[in-house]
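Accompanying notes for the structure given below.
The values are calculated or read from the model by the stated rules, or taken from the named source; none is laboratory data. Note that the structure is a prediction, hence the values are computed from the model and not measured. Cβ atoms come from the backbone with ideal geometry, glycine included; neighbour counts cover every protein chain shown. Just so you know, the surface numbers come from the protein's heavy atoms only, side chains and all, with ligands and any DNA or RNA stripped out. Shrake-Rupley method; radii C 1.70, N 1.55, O 1.52, S 1.80 Å.
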Amino acid sequence: MIVADRKKIPEIVDMIKDHRRVLLVGCGTCVTVCLAGGEREAGILGSALRMALRLRGRGDVTVDECTIERQCEDAFIDILAQRVSEYDAICSLGCGAGVQALAERFPRMPVYPGLDTQFMGILESQGVWAEKCSGCGNCRLGEFAGICPITRCAKRLFNGPCGGSRDGKCEINPDLGCGWQLIHDRAVALGILDRFEAIVPPHDWSTGLDGGPRKVVREDQCIAGLCTRP
Amino acid sequence: MNDEPLILAFCCHYCAYAAADLAGSMRLQYPDNVRVLRLPCTGKLEANYVLAAFERGVDGVIVAGCLEGGCHFLEGNLRARKRVERVRQLLAEIGLEPERLEMFNLSSAEGPRFAEIVTAMVERVKRMGNSPLRPDRARAEEGALEMSRQAEAMLEGEKR
Ligand code: SF4
Ligand code: SF4
């Protein structure tokens, strides 16, 4: 899932400084699960913002909340259309994709991010989320014993480990497991360590963000023809 | 005009609520600034309840749960303490003194301690002054009562 974190109140107050009616929009999908931007968090942020604004002499600003099922799909955003016209700005509690989906759907409405989107990851233990995938567009997990060297090695090495690996930890942070130690240990457990004797050729980064923003197109699913949005 | 601070106490049914009751039946003297809201366990406390209280203009909030290790639901009070800590950070971001919110632990037999806690909190809030968010005492009081009524209705609903 996509993992995010709430922005600090003063930053949000500053972003909405030119507005008098602000709609906070939560999202019921990933950011609900990572406790950053669901219905409950939208309620908490709404209450916090109203108080913060009053304390800064801006008690006349209206802040209301609502949450939709999924912010990254027009079909779900549509139910907001009527409501949005009563406001002069939106603060989205969706991930960066949700924020931009709202902005595309409402071209005349300023849309601000209430969250800092962090990464694609997993729930490691209650209250702890960890980054696992960088969306490189050319998944190599099969070659690396199921552990991603792009995301979990701080230097994105394909032929690791580097000389900074100590006692299973990465040299950039003693709390961080060395991705290559993890790859090694799992390769041993799977009995495939010998595969790592060959040098891995350079990765093709063009399938990732380095190749520009990407689209995935399934023509068999495009009922209204190919989407022409920029 | 009533300038006295208004404190809302989120009290666990198994300890602090009983202790408050005991303080009453022992006829202990403590300031009448506190309104009690009964929770089935402080583990039920959500950040938005506390924020709602401050938004309605109460001057201070007490969260009172069982002694550590003594929670009826094992660790509700420990979770509440962490949530209270997080809300205190949020209050600082908002611009309200985090000291307006405090968690205490006590047992149901500690009527006198309940009286002490309330007295200490009232004194603390008096030193800070009333909340800048308080509309007027009557409306803040109404807000606090409305919240405890809702909490009671929720408890009733759960029994059914
Ligand atoms: S190799 Fe690419 S797609 Fe696979 S986990 Fe790593 S970043 Fe994600
Ligand atoms: S110590 Fe391990 S994880 Fe850190 S940069 Fe080196 S190989 Fe990568």
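Counting only complete DSSP H runs, which helices of chain A cover 15 Å or more along their long axis at the Cα atoms and score a mean Kyte-Doolittle of -1.0 or above?
Working: long enough: A:39-55 (24 Å, 0.29); A:179-190 (16 Å, 0.32).
Sorted by number, the helices that extend far enough and score high enough are A:39-55, A:179-190.
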- Rough spin-label spacing in nm, given labels placed 7 Å along Cα→Cβ, for A:ASP167 and A:SER85: 6.5
- Item | Computed over segment B:7-159, Cα set: Rg, Dmax in Å | 14.3, 41
- Note on the structure: Taking the alpha-carbon centre of each part, the distance from segment B:109-128 to segment B:28-87 in Å is 14
- Total formal charge among the other residues, if their Cβ is under 12 angstrom from that of A:PHE76, Lys/Arg +1 and Asp/Glu -1: -2
- Could you give me the ³J(HN,Hα) list for segment B:24-33, computed from phi with Karplus coefficients 6.51, -1.76, 1.60 and θ = phi - 60°, whole Hz, x at Gly and Pro? x, 6, 7, 6, 6, 8, 8, x, 8, 7
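Tell me the carbon and sulfur percent of the accessible area for chain B, rounded to whole percent, probe radius 1.4 Å. Walk me through the numbers before you get to the answer.
On the way: 3830 of 7660 Å².
Carbon with sulfur: 50 percent of the solvent-accessible area.
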- Item | Long-range amide H partners of B:LEU39 with built H, under 5 Å | B:CYS11, B:CYS12, B:HIS13
- Quote to one decimal, in nm, the extra length available between A:VAL200 and A:GLN221 on full extension: 0.36 nm per residue of separation minus the C-alpha distance between them. 3.9 nm
- Item | Positive-end extreme of charge dipole, chain A - chosen from A:PHE158, A:VAL25, A:GLY191 (charges on Cβ) | A:VAL25
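Order B:ARG149, B:ARG35, B:ARG127, B:ARG100, most accessible first, counting only protein heavy atoms with a 1.4 angstrom probe.
Working: B:ARG149 140, B:ARG35 50, B:ARG127 180, B:ARG100 0 Å².
So, going from the largest accessible area down, we get B:ARG127, B:ARG149, B:ARG35, B:ARG100.
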- Query: For labels at A:GLU39 and A:ASP175 in the simple 7 Å Cα→Cβ model, what's the distance in nm?
  - Reply: 3.3
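Please state the relative contact order of segment A:136-209 as a whole percent: Cα pairs under 8 Å, 6+ residues apart? Don't skip to the answer; put the middle values down first.
Details: 68 pairs, mean separation 26.3, N = 74.
Relative contact order, segment A:136-209: 36 percent.
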- Quick one: which bits of segment B:102-135 get at least 30 Å² less accessible when the partner protein chains are in, versus the chain alone, with a 1.4 Å probe? B:LEU133
- Task: Please give, to one decimal in nm, the separation of the simple spin-label points placed at A:THR62 and B:SER107, each 7 Å out from Cα toward the Cβ.
- Result: 5.4
- Item | Accessible area per residue, Å², segment A:2-119 with all protein chains present, probe 1.4 Å | 44
- Picking from A:LEU102, A:LEU190, A:LEU93, which is most flexible by a Gaussian network model of chain A using Cα springs under 10 Å? A:LEU190
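Can you check what the net charge comes to around A:CYS66, using other residues whose Cβ is under 14 Å from the Cβ of A:CYS66 (Lys, Arg +1; Asp, Glu -1)? Provide the component values of the computation, followed by the final result.
Values: positive: A:ARG21, A:ARG40, A:ARG70, A:ARG83; negative: A:GLU39, A:GLU41, A:ASP64, A:GLU65, A:GLU69, A:ASP78, A:GLU86.
Surrounding charge for A:CYS66 is -3.
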- Task: Only bridges with both residues in the protein assembly as shown count here: give the DSSP antiparallel percent, nearest 5.
- Result: 30
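For A:TYR112, B:TYR17, give the ranking by accessible area with the largest first, probe 1.4 Å.
Details: A:TYR112 50, B:TYR17 85 Å².
Solvent-accessible surface, decreasing: B:TYR17, A:TYR112.
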- Once all protein chains are kept in place, A:HIS19 shows an accessible area at probe 1.4 Å, nearest 10 Å², of 20
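Compute the length gained on full extension between A:GLU104 and A:ASN138: take 0.36 nm times their separation in residues and subtract their Cα-Cα distance, giving the result in nm to one decimal. Could the numbers behind the result be given before it?
Working: separation 34, 0.36 × 34 = 12.24 nm, distance 2.82 nm.
So the extension gain works out to 9.4 nm.
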- Pull up all non-local amide H partners of A:CYS153: gap of 5 or more, or a different chain, and H-to-H distance under 5 Å with H placed in the peptide plane. none
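How big is the protein assembly as shown by the Kirkwood estimate over distinct Cα pairs, in Å? List each step's numbers first, then the result.
Details: mean 1/r = 0.0408 Å⁻¹.
About 24.5 Å, per the Kirkwood formula over Cα pairs.
Quick one: accessible area per residue over chain B, 1.4 Å probe, rounded to a whole number of Å²? Kindly include the intermediate steps, with their values, before the conclusion.
Working: 7660 Å² over 160 residues.
About 48 Å² of surface per residue is accessible.
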- Query: Once you list every other residue whose beta carbon is under 14 Å from the beta carbon of A:ILE192, what net charge do they have if Lys and Arg are +1 and Asp and Glu are -1?
  - Reply: -2
- Quick one: which residues, 5+ away or cross-chain, put their amide H under 5 Å from the amide H of B:LEU101? H built at 1.01 Å from N. B:VAL61
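Of the beta bridges DSSP finds with both residues in segment B:1-72, what % are antiparallel, to the nearest 5?
Values: 0 of 11 bridges.
Expressed as a percentage, antiparallel bridges in segment B:1-72 total about 0.
Note the buried accessible area between B and A here, summed over both chains, with a 1.4 Å probe, in Å² to the nearest 100.
Details: alone 8370 and 13840 Å², together 20800 Å².
The summed interface area works out to 1400 Å².
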- Message: Keeping all protein chains in the complex and leaving out DNA, RNA and ligands, what accessible area do you get for A:LYS17 with a 1.4 Å probe, in Å² to the nearest 10?
- Response: 120
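For peptide A:37-49, compute the average count of partner chain beta-carbon atoms within 10 Å of each residue's beta-carbon.
Details: counts 0, 0, 0, 3, 2, 1, 5, 9, 3, 3, 11, 12, 1.
Average per residue, whole number: 4.
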